[in-house]
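The values are calculated or read from the model by the stated rules, or taken from the named source; none is laboratory data. Here the structure is a predicted model, which is why all the values come from computation and not from measurement. Note that we place each Cβ from the backbone using ideal geometry, even for glycine, and neighbour counts take in every protein chain shown.
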Amino acid sequence: MRLVVFLLVIVGCWCDVRILIDEDGGYNITVNNQLWLRSSRTAIYTDTQWYSTEDNSLILTNVTVAEGDDPNLGSWNQTTLTYDLVSNQTSTSISAHIRQWNIISAFTFHLETGDNALTDRIALDMEQVRTVFPSFYIEKIDMNDQRGFFTFEGLMSGETGKHAGNWNASSRVINSGMQGGPVVLFNLTQRGEDDVLVLSPFSHFMATSLTQRNKILDSILEYGIIGSMSSIPANYTHSMIVFYSQNGINEGIREWGETMQRAFNRTNENRLNDLTINYLGYYTDNGGYYYYHTEDGMNYEETMLNVAHKIPLPFHYIQLDSWWYFKGIGNGVSQWTARPDVFPDGLAVLHRRLENIPLAAHNRYWSYDTVYKQKYAFALDPGNGKALPIGNDSFWIDLFVEARNWGLVLYEQDWLNVQTIDFLPTRVDINLGEQWLMSMGEAAKQTEMNIQYCMSLPRHILQALQIPRVTHARVSDDYAVHLKDSTRSQWNIGISSMLADAIGLAPFKDVLWSTSLQPGSPYGTSSKEILPEREILIATLSTGPVGPGDGIDYANIQSIMKCCRRDGLILKPDRPLTTINTLVADWAFYNGVIQGELYSTQTTINDRTFHIIFASAMKRDYTVYPSMIGSESGIIWSYDNAQITAIFDDTHPLDVLANKCNNETICLWYVSPLWQFNDPIRTKYALLGEWSKWTAVSQQRFTSITTNKEKTQAIITLQGVASEIVPIVLFHSTLHTITVNCSMSTEDGQANVIVTPTHVMCS
C-alpha cells in the first residue's frame with residue numbers, strides 16, 4: 001500500500017513524530033517509531049443520515065498534496081483527502097486536509113464541508129458531533145504500550161470534571177463533549193517527563209467538540225461540529241490540532257498554548273497591565289463574608305464603605321457580586337443596574353464615596369424578560385426563560401460605556417456554562433456562541449474594559465484566544481463549598497491552572513478568608529477555613545487576583561500582606577503553580593486517584609531562575625529531583641526557616657513526606673541558584689529573597705542581578721515604595737545566611753544589594 005509520510009524534525013532531538021497517510025485515506029501518528037494514534041472513520045451527518053468511510057457511503061475520490069504559508073505559523077505541507085458526499089441526489093465535495101507545519105511540532109486537521117449547506121430536520125444530541133475528522137482509536141497498541149491521559153472537563157476552566165487514566169478502549173476519556181476540552185496523552189514509563197501529545201480543537205471553539213464513540217470492542221475519539229447544530233453553512237471549515245512536545249507534560253502544554261496564542265495573534269499585554277491581577281482587591285462573591293449579607297443594621301452601600309475605610313489594607317478595587325442588580329425569570333439578569341435597596345444613591349455616588357476606588361462587577365445569564373430586548377437584538381429561549389444579546393448592534397458598547405461612568409474596570413461574566421448549555425439558540429445556531437463572546441470582547445477592547453470568565457467550560461477558555469480583553473478566569477469551585485465542608489478542597493488548582501495559563505489567562509483561585517472562624521457569616525455556624533495560609537499562598541502563587549473577602553473585624557492584615565508590597569502590588573512568580581509531571585502521571589497510573597497536591601513554579605531574573613515547591617494533602621511520599629521541576633542544582637530552604645539551608649541536587653534531592661505535608665499543613669520550599677565569585681577561595685552566594693513574602697523572588701521586587709567583568713562583585717537591584725524597608729536574605733559561603741534591611745530610595749523607590757566575597761550590604 002502506498003504511503004505518504006510526513007516527518008516533523010525536532011531540532012536537537014534524536015526522536016521524531018511522523019504521520020503516515022495511506023492511499024485509502026487512513027492516517028497514523030507515530031512517536032519514536034511507535035504507533036500512538038490510529039485513525040478511524042471520516043463521516044458527515046446530514047438529512048437525518050450518516051455518510052461514513054466505515055460503510056463506504058462517503059467515498060474517497062482523490063488524494064493530493066500541496067504546500068503553503070501561514071502569516072502566524074509559517075510554512076506547511078499538506079495532504080488533501082477529497083470525498084464525494086451524495087445526499088438527496090446532490091453531490092458535495094468534502095475536503096479533509098492534513099497539514100504538517102515546518103516550524104512548530106504539530107499536525108492540524110481541517111475539514112471543509114463543501115459548497116452546499118448541510119441541514120437537518122432531526123438533529124443529533126449536543127453531546128455528539130455531526131462531522132467527524134479527525135478520529136482516533138483509544139487503544140492500547142500492544143503489551144508494551146503504557147500510556148496515560150488526562151483531560152480538562154467541566155466548569156471553572158475544566159476543573160470540576162477533570163480526570164485521568166490509562167489510554168485504552170475501556171477508559172472514558174470524554175464524559176461530555178459539551179463540557180470537554182483538550183486531551184493530554186503521555187508515556188507513563190517516562191513519568192510524564194518526555195513525549196507528550198496535546199489533542200485540541202483549533203478553530204470554532206464554541207461550535208465544535210471532542211467526543212467519544214463507543215462500539216462493541218472499540219472506543220474512538222472524534223472531533224467535529226456539535227451534533228445539535230441545525231445547519232452547517234456552505235464552505236464551513238473547522239480544525240483540530242495534534243501538538244507534540246518532547247519536554248514533558250507541563251512544558252508541552254505551555255508550548256501548545258504558545259502555538260495557539262501565536263495562531264490567533266494573542267498577546268499578554270492586557271493580562272500584564274490588568275489592575276485587578278496586579279494589585280490586591282476585595283471580593284464579595286460566594287465565600288466572601290458579605291455575599292448576600294451586610295453588616296448588621298446597614299445596607300450594602302454603607303457596608304462597602306466600611307470595608308474600604310475600616311480594613312487597613314491597600315485595596316485597589318472592590319468586587320460587587322450578583323447581589324446588586326435586578327433579576328427576572330429564572331433568576332437571570334433583567335436589568336444590569338443597581339437596585340435602590342442595595343445602593344440607594346446609585347453606583348456613581350458609591351464610587352465617589354469610595355474615593356474613586358475602581359470596581360469589578362459580576363454578571364450572569366440574561367433573563368427572558370430582560371428590559372434590554374426592547375431596544376437591542378436578543379436571541380430568546382422562552383422554554384428555558386433565558387435571552388442572549390446577538391451582538392450585531394451597540395448593546396455591549398452602551399453597557400460598558402455606562403459602567404465606565406461608575407468606575408467599572410473589570411466585567412465578570414459568570415454562569416458561562418448555563419448560558420451555553422441551557423440555552424437552545426447556542427446549541428442549534430453554529431455562529432451564535434462565538435458571535436456572543438466576540439462582540440462582548442470587541443466592546444471591551446473599544447472601552448478598555450477587562451473581562452474575567454467564571455464557570456467557563458474549556459471551550460470558553462479556548463475562545464478567549466480571540467478575545468485579548470479576557471485577562472483571567474476562575475479555575476476553582478466556589479470558595480463557599482470549602483468553607484461549609486473542609487473535605488471538599490477548593491484550593492487545589494494545579495491542573496486547571498495549566499489550561500488557563502497556556503491560553504494566556506491568569507488563573508483565579510477565588511475569594512479567601514485570612515482567619516479560620518468568622519462568626520456571623522452567611523455560611524452557617526460550622527463554616528471554617530482550616531488553613532488560611534494555604535489559601536493566601538495559593539492565590540498569590542497562582543499569578544491571578546488575590547481577593548480576600550473577610551468580615552471587617554476578621555482580616556489578618558499581616559498574613560494577607562505576605563502577598564504583596566506595601567502599596568498592594570502583588571509579588572508573584574513568572575508562571576502559576578502547577579502540578580509537577582510525576583504527580584500527573586501517577587494520577588493516570590492510579591486510574592484517576594490523585595496522590596496529593598505537589599506543585600512548582602519559578603521566577604527568572606536576568607539569567608537566574610528561582611523555583612518554589614509546594615506540597616499539601618499528600619497521600620504518599622515523593623522524592624523530588626531538580627530536573628523534575630526544571631531546576632538546576634542550588635540552595636533549598638523552607639518557608640518557615642530561612643536560617644537553615646541545604647544543597648539541592650541529584651545527590652541531595654528533596655523528600656516530600658505525606659505525614660508532614662498533609663491536608664491540614666502546608667510545605668513550601670524555595671530553590672535558589674548558587675553563583676561563584678572569582679576569588680582565591682571560590683566564594684559562593686545565593687539570593688534567597690524576601691523571607692516575609694510568599695514569593696521570595698519576584699520580578700515585581702527584583703529588577704536585575706548583575707556581575708562585574710572580574711566576577712568579584714554582584715549587584716542586586718530591587719524596587720518598592722519610597723522609604724519601604726525590605727529585609728533581603730542571602731546565603732554566603734563565608735558569611736553563611738545573612739539578612740540585610742534595604743530602605744527604598746525616596747527618589748526612585750530603588751535600592752541595591754552589593755555582594756562581594758567578604759561583604760553583603762545595601763545601598
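Against the definition (more than 30 Å from Arg121 (Cβ to Cβ) and surrounded by fewer than 16 Cβ atoms within 10 Å (Cβ to Cβ)), how does Gly26 come out, yes or no? If you could, list the steps in order and put the result at the bottom.
Details: more than 30 Å from Arg121 (Cβ to Cβ): yes; surrounded by fewer than 16 Cβ atoms within 10 Å (Cβ to Cβ): no.
No; evaluated as a whole, the condition is false for this residue.
Can you go through Lys684, Lys693, Lys711 and tell me which one is in the same structural domain as Gly634 (by TED's automatic domain parsing) and touching a helix residue (DSSP H, G or I) at 6+ places or on another chain (Cβ under 6 Å)? Steps first, answer last, please.
On the way: Lys684 fails: touching a helix residue (DSSP H, G or I) at 6+ places or on another chain (Cβ under 6 Å); Lys711 fails: touching a helix residue (DSSP H, G or I) at 6+ places or on another chain (Cβ under 6 Å).
Selected residue: Lys693, the only one of Lys684, Lys693, Lys711 that is in the same structural domain as Gly634 (by TED's automatic domain parsing) and touching a helix residue (DSSP H, G or I) at 6+ places or on another chain (Cβ under 6 Å).
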* Asked: Which of (1) touching a Cys at 6+ places or on another chain (Cβ under 7 Å); (2) at pLDDT below 95; (3) hydrophobic (A, V, I, L, M, F, W, C) does Leu735 not meet, given it meets every other one?
  -> (1)
* To do: Return the pairs, sorted by first residue and then second, in which the second residue is among the basic types (Lys, Arg) and not in a strand (DSSP E or B), the first residue lies in segment 385-399 and is surrounded by 20 or more Cβ atoms within 10 Å (Cβ to Cβ), the beta carbons are less than 9 Å apart, and the residues are 6+ apart or on different chains.
  => Ala387/Lys373; Pro389/Lys373; Phe395/Lys375
* Yes or no: Gln179 polar (S, T, N, Q) and buried (at least 21 other Cβ atoms within 10 Å of the Cβ)? -> yes
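Do we have Ala464 as within 21 Å of Gly288 (Cβ to Cβ) and either aromatic (Phe, Trp, Tyr) or buried (at least 21 other Cβ atoms within 10 Å of the Cβ) (or both) here? Can you show your working first?
Working: within 21 Å of Gly288 (Cβ to Cβ): no; either aromatic (Phe, Trp, Tyr) or buried (at least 21 other Cβ atoms within 10 Å of the Cβ) (or both): yes.
Considered against the rule, which asks whether it is within 21 Å of Gly288 (Cβ to Cβ) and either aromatic (Phe, Trp, Tyr) or buried (at least 21 other Cβ atoms within 10 Å of the Cβ) (or both), Ala464 comes out as no.
Each row is one residue, and each column tells you yes or no for (1) part of a loop (DSSP other than H, G, I, E, B); (2) within 16 Å of Ile220 (Cβ to Cβ); (3) touching a strand residue (DSSP E or B) at 6+ places or on another chain (Cβ under 6 Å).
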site: Asn28; (1), (2), (3): no, yes, yes
site: Trp36; (1), (2), (3): no, yes, yes
site: Val65; (1), (2), (3): no, no, yes
site: Asn72; (1), (2), (3): yes, no, no
site: Gln78; (1), (2), (3): no, no, yes
site: Leu81; (1), (2), (3): no, no, yes
site: Val86; (1), (2), (3): no, no, no
* In the list Thr276, Thr303, Thr294, which residue meets the criterion of being part of a loop (DSSP other than H, G, I, E, B), of a type in the set (S, T, N, Q) and at pLDDT 95 or above? -> Thr294
* Structure fact -> Within segment 470-505, restricting to residues that are over 15 Å from the mean Cα position of the chain (by Cα) and in a loop (DSSP other than H, G, I, E, B), the one that is surrounded by the fewest Cβ atoms within 10 Å (Cβ to Cβ) is Thr487
* Mind checking which pairs have a first residue in segment 319-345 that is among the aromatic types (Phe, Trp, Tyr) and a second that is assigned to a helix (DSSP H, G or I) and surrounded by fewer than 15 Cβ atoms within 10 Å (Cβ to Cβ), Cβ under 8 Å, 6 or more apart or different chains? -> Phe343/Val349
* Structure fact -> Considering segment 660-684, residues that are among the β-branched types (Val, Ile, Thr) and under 21 Å from Thr758 (Cβ atoms), and then whichever is surrounded by the most Cβ atoms within 10 Å (Cβ to Cβ), we arrive at Thr683
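Is it true that Leu569 is over 24 Å from Phe150 (Cβ atoms) and surrounded by 19 or more Cβ atoms within 10 Å (Cβ to Cβ)?
In short, yes.
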* To do: Have a look at Leu410, Leu465 and point out the one that is assigned to a helix (DSSP H, G or I) and not charged (D, E, K, R).
  => Leu465
* Asked: Quick check, is Ala308 among the hydrophobic types (A, V, I, L, M, F, W, C), under 27 Å from Leu541 (Cα atoms) and touching a residue at least 60 places away in the same chain (Cβ under 8 Å)?
  -> no
* Failed condition for Asn273, given (1) in contact (Cβ under 8 Å) with a residue 60 or more places away in the chain; (2) in the same structural domain as Gln463 (by TED's automatic domain parsing); (3) of a type in the set (S, T, N, Q), with all others met? -> (1)
* Only listed residue being in contact with a helix residue (DSSP H, G or I) (Cβ under 9 Å, 6 or more places away or on another chain), surrounded by fewer than 17 Cβ atoms within 10 Å (Cβ to Cβ) and more than 23 Å from Ala444 (Cβ to Cβ), chosen from Met304, Met298 -> Met298
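Inspect all residues belonging to segment 580-594 and state whether any of them is under 25 Å from Leu718 (Cβ atoms) and within 24 Å of the chain's Cα centre (by Cα). Quick ask: steps written out before the conclusion?
Going through segment 580-594, the residues under 25 Å from Leu718 (Cβ atoms) turn out to be none.
Among the residues of segment 580-594, not one is under 25 Å from Leu718 (Cβ atoms) and within 24 Å of the chain's Cα centre (by Cα), which makes the answer no.
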* **strands (runs of 3 or more DSSP E) fully within segment 580-659 counting 3 or more residues that are surrounded by 21 or more Cβ atoms within 10 Å (Cβ to Cβ) and touching a strand residue (DSSP E or B) at 6+ places or on another chain (Cβ under 9 Å)** => 597-605, 608-616, 634-638
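Within segment 169-184, track down each residue that is in a strand (DSSP E or B) and hydrophobic (A, V, I, L, M, F, W, C).
To start, the set of residues in segment 169-184 that are in a strand (DSSP E or B) comprises 180-184.
Answer for segment 169-184, where residues must be in a strand (DSSP E or B) and hydrophobic (A, V, I, L, M, F, W, C): Val183, Val184.
For (1) assigned to a loop (DSSP other than H, G, I, E, B); (2) touching a Leu at 6+ places or on another chain (Cβ under 8 Å); (3) assigned by TED's automatic domain parsing to the domain that holds Thr603; (4) of a type in the set (A, V, I, L, M), each residue gets a yes or a no:
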{"residue": "Asp510", "(1), (2), (3), (4)": "yes, no, no, no"}
{"residue": "Ser521", "(1), (2), (3), (4)": "yes, yes, no, no"}
{"residue": "Gly524", "(1), (2), (3), (4)": "yes, no, no, no"}
{"residue": "Arg534", "(1), (2), (3), (4)": "no, no, no, no"}
{"residue": "Gly551", "(1), (2), (3), (4)": "yes, no, no, no"}
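May I ask you to verify whether His204 is in a loop (DSSP other than H, G, I, E, B) and within 18 Å of Ile461 (Cβ to Cβ)? If you could, list the steps in order and put the result at the bottom.
Details: in a loop (DSSP other than H, G, I, E, B): yes; within 18 Å of Ile461 (Cβ to Cβ): yes.
Judged against the criteria, His204 is a match.
Could you tell me which of the residues Asn214, Asn175, Asn247 is modelled with pLDDT under 95 and of a type in the set (S, T, N, Q)? Please lay out each step first, then the result.
Values: Asn175 fails: modelled with pLDDT under 95; Asn247 fails: modelled with pLDDT under 95.
Among Asn214, Asn175, Asn247, only Asn214 is modelled with pLDDT under 95 and of a type in the set (S, T, N, Q).
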* Asked: Could you list, in sequence order, the residues of segment 506-538 that are buried (at least 24 other Cβ atoms within 10 Å of the Cβ) and of a type in the set (Phe, Trp, Tyr)?
  -> Phe508, Trp513
